[in-house]
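Reading through the structure tokens given below for one structure.
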Amino acid sequence: MNKPFGSIVLDISFRYLVPFILMYGIYVLIHGEYSPGGGFQAGALLAIGIILARLIQGEESSFNISGDTAVILAGLGTLIFAGVGVISLIWSGNVLEYGVFPLNVHKESELHPLGILGIEIGVTICVAAVIIAIYDALTRRDDAI
Amino acid sequence: MRIVSTLLLIFFTFIVFYAAAGLPDVGDPNSAPSTHVSPRYIEKAYEEIHSPNVVTAVLADYRGYDTLGETTVIFTAGIATVLILRAGHKKSDQGGKRE
Amino acid sequence: MMENLMSGYLIYWLIGVLFVIGIHGIIQKNNFIKKIMAMNIMQVAVIIFFLVLGQKTGATLPILIHGVEGAENYINPLPHALMLTAIVVSLSTTGVALALLLRIQKHFDELEEPDVLRGMDQ
């Protein structure tokens with residue numbers, strides 16, 4: 001898929017569409033504890049926005065993420081998830097036990113949305129980056145082997 | 001061979017149809033999947049997790065370690081796809097630059 | 001009999017048919033792309049089966065609403081949480097399978113199973 005198939009109509013409608021798709025993905029991520037949503041859905045939405053950008057405007061689109069960057073981002077997302085688990089180990093809790101974070105709150109349960117938000121960010125980055133990496137790897141055209 | 005597998009498939013279909021009689025009715029609030037652990041999740045989620053979305057609470061808090069494993073599986077699948085398709089390339093092709 | 005069928009068995013029968021279609025595609029079709037599509041159909045059948053098990057009549061989504069208490073007013077959140085990850089994992093396994101197919105197609109110039117097996121023997 002090296003050649004984009006954008007035309008003037010697709011290009012103009014894309015300019016209005018993709019920022020809203022990406023914004024909606026971020027909304028689904030941040031609002032995931034209070035309404036339907038969460039990390040996996042937000043990752044799929046962000047990936048779809050970026051894949052649309054690549055389909056219509058090609059590699060030089062400003063939303064584009066290259067395959068190598070996507071692999072690095074996938075590792076980073078998994079690292080964020082595991083890092084939140086390890087952070088709770090430092091304050092002598094279990095892995096992914098969010099109640100032990102040393103912050104001033106009224107009740108211990110109010111710390112849980114913070115931890116959930118942290119791991120959802122990791123899941124979002126991982127899922128979006130993996131979808132982009134799979135797309136990039138499958139549509140890469142080359143003559144080796 | 002094709003006849004044997006077709007017969008096996010028909011046999012398996014009838015097994016599935018027979019087993020459906022033992023499953024709970026659709027929408028039954030007292031069925032087995034809805035009585036053991038899920039009422040506790042629904043009743044205690046707001047006290048313990050402070051999150052109204054019970055699916056997120058189950059996914060990210062009660063079963064967060066499970067989700068960590070799932071994320072690792074997804075990451076491994078992504079790495080595997082990239083490695084399968086790029087193995088055996090020349091060095092100059094690996095920079096992500098094309099044409 | 002009829003209401004019993006509609007409320008009890010019919011959806012499970014349809015899911016079973018979907019599952020058997022998946023097995024049929026995997027063991028009887030020769031094209032690898034068709035096998036992967038059949039595998040996806042099987043995964044969808046399993047996902048629908050879990051979601052059907054989580055339903056409750058007269059209940060709403062598992063998003064807690066202020067003032068509505070009680071477990072009988074919210075559907076079972078557990079199958080949704082499990083299947084959410086299953087969907088994403090099925091996506092990535094499909095990606096790996098397609099990558100393997102691309103390699104097979106480059107190496108053997110074929111995607112039909114007998115031709116690929118013949119090519120492996122040579």
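The values are calculated or read from the model by the stated rules, or taken from the named source; none is laboratory data. Please read all numbers here as calculations on a predicted model, not as lab measurements. Cβ coordinates were reconstructed from backbone atoms using ideal geometry, including for glycine residues, and neighbour counts include every protein chain displayed. All accessible areas refer to the heavy atoms of the entire protein, side chains included, with ligands and DNA or RNA removed. Shrake-Rupley method; radii C 1.70, N 1.55, O 1.52, S 1.80 Å.
Among the residues making up the range A:20-39, those that are free of Cβ contacts under 8 Å to residues at least 40 places away in the same chain and more than 15 Å from the chain's Cα centre (by Cα) are A:F20, A:Y34, A:S35, A:P36.
The single condition among (1) of a type outside the set (A, V, I, L, M); (2) open to solvent by less than 60 Å² (accessible area, probe 1.4 Å); (3) assigned to a helix (DSSP H, G or I) that A:N64 does not meet is (3). Does the range C:68-76 contain at least one residue that is in a loop (DSSP other than H, G, I, E, B), open to solvent by less than 70 Å² (accessible area, probe 1.4 Å) and hydrophobic (A, V, I, L, M, F, W, C)? Checked against the condition, which is being in a loop (DSSP other than H, G, I, E, B), open to solvent by less than 70 Å² (accessible area, probe 1.4 Å) and hydrophobic (A, V, I, L, M, F, W, C), the range C:68-76 yields at least one hit. Within the range A:87-105, residues that are within 12 Å of chain B (Cβ to nearest Cβ) reach partners that are among the small types (G, A, S) and assigned to a loop (DSSP other than H, G, I, E, B) with beta carbons closer than 9 Å, at six or more positions or on different chains, in the pairs A:G99/A:G93. Within the range B:30-50, no residue that is part of a loop (DSSP other than H, G, I, E, B) sits with its Cβ atom under 6 Å from a residue that is open to solvent by 80 Å² or more (accessible area, probe 1.4 Å) at 6+ positions apart or across chains.
For the range B:17-27, a residue qualifies if it is crowded, with 16+ Cβ neighbours inside 10 Å and either among the charged types (D, E, K, R) or not in a loop (DSSP other than H, G, I, E, B) (or both), and exactly one does: B:A20. Whether a residue is in contact with a helix residue (DSSP H, G or I) (Cβ under 8 Å, 6 or more places away or on another chain), β-branched (V, I, T) and open to solvent by less than 40 Å² (accessible area, probe 1.4 Å) was assessed, and A:I30 does not pass this test. Within the range C:80-110, how many residues turn out to be open to solvent by less than 40 Å² (accessible area, probe 1.4 Å) and either aliphatic (A, V, I, L, M) or touching an Asp or Glu at 6+ places or on another chain (Cβ under 7 Å) (or both)? Within the range C:80-110, residues that are open to solvent by less than 40 Å² (accessible area, probe 1.4 Å) and either aliphatic (A, V, I, L, M) or touching an Asp or Glu at 6+ places or on another chain (Cβ under 7 Å) (or both) number 11.
Any residue that is hydrophobic (A, V, I, L, M, F, W, C), open to solvent by less than 10 Å² (accessible area, probe 1.4 Å) and farther than 23 Å from A:M23 by Cβ - is there at least one of those in the range A:120-132? There is no residue in the range A:120-132 that is hydrophobic (A, V, I, L, M, F, W, C), open to solvent by less than 10 Å² (accessible area, probe 1.4 Å) and farther than 23 Å from A:M23 by Cβ. For the range C:99-114, the condition holds for at least one residue, the condition being that it is touching a residue at least 40 places away in the same chain (Cβ under 8 Å), farther than 29 Å from B:V55 by Cβ and in a loop (DSSP other than H, G, I, E, B). Among residues that are at pLDDT 90 or above, part of a helix (DSSP H, G or I) and more than 7 Å from every other protein chain (Cβ to nearest Cβ), B:I10 is included.
Cβ separations smaller than 6 Å between residues 6+ apart or across chains give the following pairs from the range A:40-68 residues that are farther than 19 Å from C:V88 by Cβ to residues that are among the hydroxyl-bearing types (S, T, Y): A:A53/A:S61.
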